[in-house]
Amino acid sequence: MTSTDTARVVHGPKRPGTPALEARGLTKHFPVHGGLRRGRVVRAVEDVSLALPEGTVTAVVGESGSGKSTLSRLLTRLIAPTAGELLLDGEPVGDSARARRGYAGQVHLVLQDPFSSLNAVHSIRYHLQRPLKLHHGLRGSELDARAAELLERVSLTPAERYLDKFPHELSGGQRQRVAIARGLAVQPRVLLADEPVSMLDVSIRLGVLNLLDELRERERLAILYVTHDIASARYLADTVVVMYAGQIVESGPAVQVTDEPAHPYTRLLLSAAPDPQRREPVLLRGRGAPPSLIDPPSGCRFHPRCPLAMPVCAETAPPVRPAAGDQVAACWLLDPERAPGTTPA
Amino acid sequence: MTGEPVLEVRDLCVDYGVGKGGVRAVTDATLTLRRGEVLGLAGESGSGKSTLAYAVTRLLRAPGVITGGEVRFHGPDGVLDLLEADAATLRRIRWDQISVVFQSAMHALNPVARIDAQLTDALRAHRAQLGPAERRERAVELLRLVGIGEERLRSYPHELSGGMRQRVMIAMALALEPRVVIMDEPTTALDVVTQREILDELMQLKDRLGFAIVFITHDLSLLIELADTIAIMYAGRIVELADAQRLFHSPRHPYTLGLLNSFPALHGERVRMEGIPGAPPALTALPAGCAFHPRCPFALERCAHDVPRLTEPAEPDGAPADRSAACWLHTGGEQVPEPLARVLGSTL
């Protein structure tokens, strides 16, 4: 069993003032139904504290099964956490239907697959006007004007050309822009983008990433960018948060984390990522696959794969410690009393 | 490292459907694969890269029709035109000489057959002289080759992880020691660490066994690390063909340049990148002239009505090109924009 008795460290970009959205100690255990493991739980997300200030992009990076998508679903309240709480502008969010609707108007999710997240039998106009009706009670000509304005905000111009089209008439990138525009319709403070470009053609991915960047700048949105592509996280994000087996193992300024990774898992991810500028053959330090989250390894969940594991790593979960500046990592190598003579490179 | 050709594709054309409803998916593709070489085929969805590979292996299903060209395979008993080959010849060559690793191992493996049955199936068909014990021995050997233990022989596909299933697919493709292995996005569905492990093993196996690989992917940054030669496809045509390092450091086609600018770097200053404006065209509504011209920042007037052929560009330093690009900018007389006129030596 992993102990999480350490003082709470809040990950995410450091900005003065109250963050738009903050998660404290967010934990999700999915019960296992049926089969031999009935009655046990999948520890999908464990004690995640994350602050998303306005006007910032936070990237969550990890492999499949790291809990990054569960985290984004917890943040949208599509699933209820096992423990922990959410604060919107510093206020705990309520559970009433009214509070939920208010929350849905503030925090919006953009899904991975724009081919299935838009309804094939409805026009773009319908997709954009529905949230305007439901959340803002708009009617008549105002609706059309606002829908057109939304399309312009995601650079689908002239808007009239797109309003009466159906999803199948648009390219993948255009569809994803419509999905983002629909998210903007409710005037959210927070946009949660779960792998928003991984289904898109390579040449149009950057266009959508640049759009997210503009929305951060122009509309001061707090954006969570969930991805498996660490290079795009470095490109877009202010802060990179690295997840492994349901826990945050490292976070810090995007360039710093990717240039000087402190956690052995971050180093492994970076060494495995495609890099045309690489000169030497890759040396993977930490082969294998992420563990089962039903019965995760004791101590540090990465220790069975870690090339630098020490005896303590198998016994006690490492506390989150500062590595350099705003960069923090949960690794015993950063503990001056435990680390071997040399500091990690 | 590279030797005589094993597979030569000349002016291959593939249509989907015939008559008025037909579209051309691959136009005049010309490629040479040499022994021990990794040839990368890169392009976006709909660029024809998979269609090209399936046409070459004659695995193309209706409504796909090969409408022209030739595919010469240099086998152990001489040169053979695969497009002319009859069913019996194809059956003999497929898997034995040319094997394929399909995109999704989840769907390519039979879910109700155990791994050993699937691994030995090709041996049973092509190596009739082997007995059951020898086949099993070979299956164990193959699994070991791709880093899987013997105990997995009796597993069903659903009992293996995605990475293991993909390894089994690779083991199957290598079972008969083919000369050519065609890999269609073999690691796209996998996590980066698993992808890297499998690709490392694959490259070691290639060096040891000496087969040639056609590697199809949309991930150009990965391909540059992996491939010896890269062919970039756009809207059914090969638009650039060059050595991987030269393609990366000194692209000649504006589309290649745009693709390279679509992958954020892992190092250095963060700079805003623009990708390529617009979207890839549908094959049913290809622009006239060069299919890339509506998205091309350097388009000339003639690009809108003349289709450029794949030719050797005139190199800025006058050296022999030994590469080709299908772009009017390089046919002489035009001022070539700086990003498309780099010389490999000057950037290193």
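Principal axis lengths of segment A:89-206 from Cα atoms, whole Å, largest first?
41, 35, 23
Of B:257, B:186, B:39, which is farthest along the charge dipole of chain B in the positive direction, counting Lys and Arg as +1 and Asp and Glu as -1 at C-beta?
Going by the Cα projections, it comes out as B:186.
Based on alpha-carbon positions alone, could you give the equivalent ellipsoid semi-axes of segment B:127-268 from the gyration tensor, as √(5λ), descending, whole Å?
Semi-axes (√(5λ), whole Å): 34, 17, 12.
Percent of Cα-Cα pairs per 10 Å bin, from 0 to the last occupied bin, for segment B:277-337, please list those.
The percentages, shortest bin first, are 22, 48, 25, 5, 0.
Among A:65-76, A:151-162, how do they line up by average Cβ neighbours within 10 Å per residue, starting with the highest?
A:65-76, A:151-162
Report Rg(Cα)/(2.2 N^0.38 Å) for segment A:1-88, keeping two decimals.
My calculation over the Cα atoms of segment A:1-88 gives 1.19.
Looking only at chain B, where both bridge partners belong to it, what percent of the DSSP beta bridges are antiparallel (to the nearest 5)?
Counting DSSP beta bridges with both partners in chain B, the antiparallel share is about 60 percent.
Compute the separation of the alpha-carbon centres of segment A:129-199 and segment B:141-171 and state it in Å as a whole number.
46
For the protein assembly as shown, give me the percentage of DSSP beta bridges that are antiparallel, rounded to the nearest 5 percent.
Beta bridges within the protein assembly as shown, antiparallel portion: roughly 60 percent.
Using a Debye calculation, one point per C-alpha and no hydration shell, please list log10 I(q)/I(0) for chain A at q = 0.09 Å⁻¹ in order.
-0.51
When the convex hull of the Cα atoms of segment A:128-186 is projected onto a plane and the area is averaged over all directions, what value comes out in nm²?
3.6
Note down, for segment A:270-332, the three equivalent ellipsoid semi-axes (square root of 5 times each alpha carbon gyration tensor eigenvalue), biggest first, whole angstrom.
24, 18, 11
Along each of the three principal axes of the Cα atoms of segment B:215-306, give the extent in whole Å, ordering the values from largest to smallest.
Cα extents, longest axis first: 39, 30, 22 Å.
Nearest-5 percent of antiparallel DSSP beta bridges in segment B:141-261?
55
When ranked by the protection proxy of mean other Cβ atoms within 10 Å per residue, highest first, what sequence do the peptides B:115-126, A:229-240 form?
Per-residue Cβ counts within 10 Å, averaged per peptide and sorted highest first, yield A:229-240, B:115-126.
How large is the dipole of segment B:232-348 about the Cα centre if only Lys and Arg carry +1 and Asp and Glu carry -1, each at its Cβ, rounded to the nearest 20 debye?
320
Quick one: if the Förster radius is 30 Å, what FRET efficiency do residue B:127 and residue B:207 give, using the C-beta to C-beta distance and rounding to 0.05?
Working from the Cβ atoms, E equals 0.80.
Report the rotationally averaged projected area of segment A:1-153 based on its alpha-carbon convex hull, in square nanometres.
With every direction weighted equally, the projected area is 12.9 nm².
Report, as an integer, the average count of C-beta atoms from other chains found within 10 Å of each Cβ along B:273-279.
6
With the Cα gyration tensor of the protein assembly as shown giving a ≥ b ≥ c as the square roots of its eigenvalues, does the rule (a/c under 1.5 for rounded; else a/b larger than b/c for prolate; else oblate) give rounded, prolate or oblate?
It is oblate, given that a/c is not under 1.5 and a/b is not larger than b/c.
Would you work out the relative contact order for chain B, in percent, from Cα pairs under 8 angstrom that are 6 or more residues apart?
After rounding, I find 18 percent.
Taking 8 Å as the Cα distance limit and 6 or more residues as the minimum spacing, I'd like the relative contact order of chain A as a percentage.
It rounds to 22 percent for chain A.
Two decimals, Cα atoms only, Kirkwood Rh: what is Rg/Rh over segment A:183-331?
That ratio is 1.00, to two decimals.
Pairs of alpha-carbon atoms within less than 8 angstrom and 6+ residues apart define the contacts here; what relative contact order does segment B:147-261 have, in percent?
18
Relative to the compact-globule scaling 2.2 N^0.38 Å, provide the ratio for the alpha-carbon radius of gyration of segment A:145-219.
It is 1.04.
May I ask you to order B:77-89, B:179-191 by the average number of other C-beta atoms within 10 Å around their residues, highest value first?
Descending mean neighbour count gives B:179-191, B:77-89.
Put +1 on the Cβ of every Lys and Arg and -1 on every Asp and Glu Cβ in the protein assembly as shown; which of A:118, B:21, B:268 then has its Cα farthest towards the positive end of the dipole?
Value computed over the given set: A:118.
State the volume of the convex hull built on the alpha-carbon positions of segment B:122-172, expressed per residue in Å³ and rounded to an integer.
Hull volume normalised by residue count: 76 Å³.
Just the Cα atoms of segment B:58-188, one point each, no solvent: what log10 I(q)/I(0) does Debye give at q = 0.11, 0.16, 0.18, 0.20 Å⁻¹?
Scattering profile of segment B:58-188, log10 relative to I(0): -0.43, -0.86, -1.04, -1.20.
At 37 °C and a viscosity of 0.692 mPa s, what translational diffusion coefficient does Stokes-Einstein give for chain B, taking Rh as the Kirkwood radius over Cα pairs? Give it in µm²/s as a whole number.
153
Where a number appears in this text, it was derived from the coordinates with a stated rule and is not lab data. Because the structure is predicted, anything quoted here is derived from the model rather than measured. Positions of Cβ are backbone-derived with ideal geometry, glycine not excepted, and every protein chain shown enters the neighbour counts.
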